[in-house]
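Engineer: Dumping the structure here so I can ask a few things about it.
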Amino acid sequence: MKAIELEKAYNPKDFEERIYSYWKEKGEFGPKEGKEGHFSVVMPPPNVTGILHMGHALNNSLQDIIVRYHRMTGVPTLWVPGTDHAGIATQNVVERQLKKEGLRRQDLGREKFLERTWLVKEKHHDIIKSQLEKMGCSCDWEHERFTMDEGLSRAVREAFVTLYERGLIYKGKYLVNYCPKCGTALSDDEVEYENMPGKLYHVRYPYADGSGYITVATTRPETMFGDVAVAVHPDDERYKAVVGKLLLLPLTDRKIPIIADSFVDREFGTGMVKITPAHDPNDWECGRRNNLEAINILNPDGTLNDNCPEKYRNLPAVEARELVVEDLRKDGYLIKEEEHSHDVGHCYRCHTVIEPYLSDQWFVRMRSLADKALEALRKSDIVFYPKRWENTYSHWMETIRDWCISRQLWWGHRIPVWYCKDCGEQIVSREDVCSCPKCKSTNVEQDSDVLDTWFSSWLWPFSTLGWPDSTEDLARFFPTSTLVSAYDIIFFWISRMIMSSEEFLDKAPFRDIVITGLVRDRQGRTMSKSLGNGIDPLEIIDRYGADAMKFTLCYMAAQGQDVLIDMDSFKMGSRFANKIWNATRFLLMNLEGRNLVSIEPSMFTTMDKWIYSRFNEAALAIEKAMESYRFNDAAQAVYSFFWNDFCDWYIESSKQSLLHGSDDEKDRRISIVMDLLEKSMRLMHPFLSFITEEIYQKLPNHKGDVIVAEYPKYDPAMIFEAEEKAVEALQETMRVVRNVRSSLSIAPEKKFKVVLRPGEGFAATKLLESENAFVSSLLGASEFIVDETKSVDVDSAFPANGNGFEAFVFVRDAIDVDGEIAKLEAEIKKAEKNLEACLSKLSNENFMSHAKSEAIAKEQAKKAEFEENVRKCREHIDLLRSI
RNA sequence: GGAGGAUUAGCUCAGCGGGAGAGCGCCUGCCUUACAAGCAGGAUGUCACAAGUUCAAUCCUUGUAUCCUCCA
């Protein structure tokens with residue numbers, strides 16, 4: 001056989017794109033026939049507003065690892081990719097573009113505006129798709145979906161109409177969160193609260209009969225034009241007498257009553273609050289309880305409307321506030337103003353201050369949906385990783401409020417409701433409506449609003465598989481297996497998917513919910529455009545490769561913890577990939593002139609058994625880690641097996657036979673090494689996909705593509721405990737002797753004789769003899785003698801201590817006797833301290849009677865070890881003195 | 001106001017009821033022909049603080065402090 005050559009340097013650019021195209025063209029990403037069952041994942045669809053950031057990179061890296069892992073176990077596996085139309089966000093992008101051209105969306109009209117938005121969608125979609133491909137995501141592009149696809153749109157209508165038929169959708173005039181900039185209502189979850197400085201104004205409201213005045217405190221005096229009452233707590237002794245009296249609303253000629261309502265906080269301000277039902281959620285509720293009118297004082301753009309005195313009309317709220325305050329002060333109504341910080345709601349998309357706004361909106365009645373979703377958790381149909389999110393989920397479900405689903409936008413799914421302009425009939429329909437079923441008029445018009453974006457994404461796990469049709473995909477891949485998402489969209493998305501799935505398909509949409517942390521910078525700040533602290537995944541790929549990025553993220557993604565990174569973090573993965581590359585390169589070089597032979601356990605040396613054992617333990621560790629979504633543990637198992645076991649010890653030990661062995665031995669060894677290399681590529685493939693495929697296909701013993709090769713399974717028959725102990729002992733002897741060389745500053749080229757005296761039960765005695773050549777070469781020993789009978793004269797040698805053995809290094813020069821004795825004395829001190837702790841435990845009756853027998857045995861072993869240590873150190877000091 | 005998380009090496013973070021770990025960084029010595037993106041060796045910690053439970057606490061319980069999220 002000829003040697004196989006690899007480029008000298010690992011350069012991911014040479015093959016990552018080629019390999020991805022190869023997989024894609026071969027159709028490796030799609031589900032294959034295989035074992036029973038299925039494994040399916042739907043990708044959280046990125047918004048078509050932008051490009052992918054590190055959060056996406058983390059999320060999709062983890063999904064890719066899970067998906068590849070399961071695909072290799074042989075079950076039919078599907079990963080559905082796609083994108084989200086992201087209503088407000090995308091519309092904002094287009095409106096910003098228009099603004100630069102001096103246009104508003106109304107100037108274009110709905111149709112032209114949407115045409116333009118589709119172009120933006122196409123552009124971003126293409127970028128996102130290419131990014132996912134660069135990352136190496138093994139999602140099935142044949143199954144790609146977009147939330148406004150024809151099929152998904154049908155799903156949206158089906159969901160809406162079904163809920164309507166079940167009495168779970170209603171329309172009504174309600175106080176909603178309204179973003180004046182976006183010009184639309186928002187759901188409660190789309191409002192972000194931020195503590196801001198503000199002022200608390202104390203305002204006098206005179207009694208209508210002129211008998212004095214009361215004082216109310218408010219942060220928003222301009223809303224007084226919408227006041228319909230002043231409320232006090234019913235048990236508030238101060239005000240019991242005045243309930244029912246009328247007040248004159250300053251700056252107006254309206255009269256409003258004093259009412260009693262128990263929601264009033266007696267401690268706040270004067271204990272009297274103005275009630276403005278149309279502009280405050282609490283007041284809205286209070287108004288409903290007390291049958292009060294709601295006076296809307298705002299236009300949709302946030303300016304004051306005709307319900308206010310003329311002077312203030314069409315002023316933005318903030319300006320109106322200043323004017324109102326000024327006028328109140330002028331007229332003597334303003335008693336005082338004080339600094340007051342409070343939480344103010346902002347639009348989660350454009351960060352404009354939210355106005356509570358009274359308008360006609362569509363809502364979903366959530367109680368019954370939430371109850372089913374809670375039941376799913378209770379029955380463990382869904383499991384969160386990490387578990388603590390289950391509380392958050394439950395709490396949200398328990399305190400859920402109705403969901404406002406209509407948006408006054410153009411980009412999105414039109415609400416499937418039509419109104420007859422002649423007879424006023426309202427028609428809710430799965431099909432487009434052209435004529436009124438009641439009066440047959442063709443003068444019908446569809447509701448102009450669109451649905452909240454999340455009303456399509458909450459159907460994602462089944463709409464992407466063909467629902468509402470009963471498709472083969474749906475039967476085969478639903479419910480999906482695992483959902484991977486960051487915690488910031490648990491409410492927006494995850495919770496709602498569970499509700500919709502339970503409602504429409506009577507099943508949870510997935511079993512395992514993996515909540516990842518957020519990616520942050522080294523200072524722990526979220527990455528954002530405004531801070532300029534973001535890292536572009538493509539830049540990482542460009543510099544270090546996609547494998548390095550995925551592996552590093554995996555290594556750092558511990559159990560939903562936030563991941564703090566900078567550009568240099570990815571060196572870790574890059575170095576590991578380089579290590580894999582070079583190890584392979586070396587081994588493939590050694591194929592020159594060799595024949596691969598079939599491998600039988602009977603031909604294994606101790607080192608062989610050890611490495612197979614370590615391999616199997618790694619496979620087991622990875623399996624366990626993957627089962628519980630402990631990605632960092634899996635990555636660590638991969639890393640330490642390949643680097644610390646396979647490269648550092650196994651390949652090193654193999655060099656002897658590969659370079660100096662007989663032909664048979666060389667054949668035997670290279671065959672085993674190739675077997676391990678081939679298995680390692682399979683083991684590592686989910687975590688470092690490109691490099692393992694590139695290497696795998698070059699291996700003389702590979703079969704097909706590693707992406708669909710069988711994942712190594714833990715094999716208890718290939719665990720060799722005795723051999724593991726022996727190799728551990730060998731490693732310990734090497735460390736001890738190397739330490740001597742290092743601490744005595746002996747040049748590497750200087751060879752010396754080493755005598756090793758094994759103690760009772762030392763595990764590596766035989767192994768050290770059989771691996772004499774390997775051991776000598778790594779130690780730089782001119783001669784390595786295992787002296788079981790203590791027959792070699794070591795009086796002139798430098799002594800060193802190991803666990804279960806003594807080593808004697810024959811170096812006479814360069815020894816700082818006093819220094820070495822001092823070191824030994826320090827060691828004795830340490831050992832004695834340990835010994836003391838040990839003895840105190842062993843002489844403690846409570847310990848002896850309560851502790852587990854293993855713990856006692858261990859203490860006894862430690863005691864023996866420390867005693868032995870002290871004894872040997874003393875001997876060595878004597879030896880040194882005699883040199 | 002409620003809930004959750006974090007506090008371990010210089011940095012980023014794992015871990016765990018019985019002798020403190022990784023990666024990076026740092027120090028020393030090596031281009032030992034797979035890899036200097038490497039190899040060998042090394043230093044660094046009152047495991048936030050205080051009580052409690054336990055034979056035994058970095059780990060469990062409670063409280064305190066600081067920081068961060070989410071919800072109201």
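Engineer: Mind listing whichever residues of the stretch A:161-210 are β-branched (Val, Ile, Thr) and assigned to a strand (DSSP E or B)?
Structural biologist: Across the stretch A:161-210, the qualifying residues are A:Ile169, A:Val176, A:Thr184, A:Val191, A:Val203.
Engineer: Now for a different question. Got a number for residues in the stretch A:839-855 being more than 8 Å from RNA strand B (Cβ to nearest atom) and either touching a His at 6+ places or on another chain (Cβ under 6 Å) or in contact (Cβ under 8 Å) with a residue 12 or more places away in the chain (or both)?
Structural biologist: 2
Engineer: Name the single residue that is modelled with the highest pLDDT among those in the stretch A:69-113 being of a type in the set (Lys, Arg) and either closer than 30 Å to A:Lys24 by Cβ or crowded, with 16+ Cβ neighbours inside 10 Å (or both).
Structural biologist: A:Arg71
Engineer: Something else now. Output the number of the condition that A:Glu836 fails; it satisfies all remaining conditions of (1) more than 10 Å from RNA strand B (Cβ to nearest atom); (2) in contact (Cβ under 8 Å) with a residue 12 or more places away in the chain; (3) among the charged types (D, E, K, R); (4) assigned to a helix (DSSP H, G or I).
Structural biologist: (2)
Engineer: Pull up the stretch A:555-582, narrow it to residues that are in contact with a Ser or Thr (Cβ under 9 Å, 6 or more places away or on another chain) and among the aliphatic types (A, V, I, L, M), then point me to the one that is surrounded by the fewest Cβ atoms within 10 Å (Cβ to Cβ).
Structural biologist: Here the residue is A:Met572.
Engineer: Out of all the residues in the stretch A:608-625, which are within 14 Å of RNA strand B (Cβ to nearest atom) and under 21 Å from A:Leu768 (Cβ atoms)?
Structural biologist: A:Ile611
Engineer: Determine if the stretch A:12-29 includes at least one residue that is touching a Pro at 6+ places or on another chain (Cβ under 6 Å), crowded, with 17+ Cβ neighbours inside 10 Å and modelled with pLDDT under 95.
Structural biologist: Taking every residue of the stretch A:12-29 in turn, none turns out to be touching a Pro at 6+ places or on another chain (Cβ under 6 Å), crowded, with 17+ Cβ neighbours inside 10 Å and modelled with pLDDT under 95.
Engineer: Return the total of residues in the stretch A:1-47 being in contact with a strand residue (DSSP E or B) (Cβ under 7 Å, 6 or more places away or on another chain) and small (Gly, Ala, Ser).
Structural biologist: Qualifying residue count, the stretch A:1-47: 1.
Engineer: Residues A:Glu788, A:Glu820, A:Glu771, A:Glu783: which one is closer than 30 Å to A:Met607 by Cβ, surrounded by 20 or more Cβ atoms within 10 Å (Cβ to Cβ) and of a type in the set (Asp, Glu)?
Structural biologist: A:Glu771 is the lone residue from the list that is closer than 30 Å to A:Met607 by Cβ, surrounded by 20 or more Cβ atoms within 10 Å (Cβ to Cβ) and of a type in the set (Asp, Glu).
One line per residue, one yes/no per condition, for (1) more than 30 Å from A:Ile513 (Cα to Cα); (2) touching a helix residue (DSSP H, G or I) at 6+ places or on another chain (Cβ under 7 Å); (3) of a type in the set (Gly, Ala, Ser):
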{"site": "A:Ser613", "(1), (2), (3)": "yes, yes, yes"}
{"site": "A:Glu617", "(1), (2), (3)": "no, no, no"}
{"site": "A:Ala621", "(1), (2), (3)": "no, yes, yes"}
{"site": "A:Tyr629", "(1), (2), (3)": "no, no, no"}
{"site": "A:Ser657", "(1), (2), (3)": "yes, yes, yes"}
{"site": "A:Ser662", "(1), (2), (3)": "yes, no, yes"}
{"site": "A:Arg668", "(1), (2), (3)": "yes, yes, no"}
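Engineer: Which residue pairs have Cβ atoms closer than 6 Å, lie 6 or more positions apart in sequence or on different chains, and pair a first residue in the stretch A:638-649 that is farther than 15 Å from A:Arg682 by Cα with a second residue that is of a type outside the set (Phe, Trp, Tyr)?
Structural biologist: Filtered contacts from the stretch A:638-649: A:Trp643/A:Lys579; A:Asp645/A:Arg614; A:Cys647/A:Ala583.
Engineer: Does A:Glu539 fit the bill of being within 28 Å of the chain's Cα centre (by Cα), closer than 30 Å to A:Ile672 by Cα, more than 9 Å from RNA strand B (Cβ to nearest atom) and surrounded by fewer than 20 Cβ atoms within 10 Å (Cβ to Cβ)?
Structural biologist: Here the answer is no, as A:Glu539 does not meet what is asked.
Engineer: If we keep just the residues of the stretch A:679-720 that are among the charged types (D, E, K, R) and over 31 Å from the mean Cα position of the chain (by Cα), which is surrounded by the fewest Cβ atoms within 10 Å (Cβ to Cβ)?
Structural biologist: Out of the qualifying residues, it is A:Lys703.
Engineer: Here's a follow-up. If you scan the stretch A:486-497, which residues turn out to be of a type outside the set (Lys, Arg), modelled with pLDDT of 90 or more and within 16 Å of RNA strand B (Cβ to nearest atom)?
Structural biologist: A:Trp493, A:Ile494, A:Ser495
Engineer: Also, quick follow-up: Based on this model, can you work out whether A:Lys123 counts as among the charged types (D, E, K, R), at pLDDT 90 or above and either more than 16 Å from RNA strand B (Cβ to nearest atom) or not assigned by TED's automatic domain parsing to the domain that holds A:Phe39 (or both)?
Structural biologist: yes
Engineer: Still on this structure, please answer the following. Enumerate the pairs (first residue in the stretch A:515-527 and near RNA strand B (Cβ under 8 Å from one of its atoms) and in a strand (DSSP E or B); second residue anywhere and modelled with pLDDT under 80 and of a type in the set (Ser, Thr, Tyr)) with beta-carbon separation below 9 Å, excluding pairs fewer than 6 apart on the same chain, so at least 6 apart or on different chains.
Structural biologist: A:Arg520/A:Thr526
Engineer: Here's a check for you: in the stretch A:559-580, which residue that is of a type in the set (A, V, I, L, M) and more than 19 Å from A:Arg525 (Cα to Cα) is nearest to RNA strand B (Cβ to nearest atom)?
Structural biologist: A:Met572
Engineer: May I ask you to list the residues in the stretch A:297-323 that are touching a residue at least 24 places away in the same chain (Cβ under 8 Å), under 45 Å from the mean Cα position of the chain (by Cα) and surrounded by fewer than 18 Cβ atoms within 10 Å (Cβ to Cβ)?
Structural biologist: Once the filter is applied, which keeps residues that are touching a residue at least 24 places away in the same chain (Cβ under 8 Å), under 45 Å from the mean Cα position of the chain (by Cα) and surrounded by fewer than 18 Cβ atoms within 10 Å (Cβ to Cβ), the stretch A:297-323 yields A:Pro300, A:Asp301.
Engineer: Another one. Where residues in the stretch A:723-777 are among the charged types (D, E, K, R) and within 9 Å of RNA strand B (Cβ to nearest atom), which of them is modelled with the lowest pLDDT?
Structural biologist: Residue satisfying both the conditions and the ranking: A:Glu749.
Engineer: Just wondering, is there one or more residues in the stretch A:211-218 that are part of a loop (DSSP other than H, G, I, E, B), out of contact with any Cys (no Cβ under 8 Å at 6 or more places or on another chain), more than 22 Å from A:Cys404 (Cβ to Cβ) and not assigned by TED's automatic domain parsing to the domain that holds A:Phe491?
Structural biologist: Yes - at least one qualifying residue is present in the stretch A:211-218.
Engineer: Hey, another quick one. So which residues in the stretch A:331-352 are in a strand (DSSP E or B), out of contact with any Lys or Arg (no Cβ under 8 Å at 6 or more places or on another chain) and more than 16 Å from RNA strand B (Cβ to nearest atom)?
Structural biologist: Selection gives A:Lys336 alone.
The values are calculated or read from the model by the stated rules, or taken from the named source; none is laboratory data. Source: prediction; values computed, not measured. All Cβ positions, glycine included, derive from the backbone under ideal geometry; neighbour counts span all protein chains shown.
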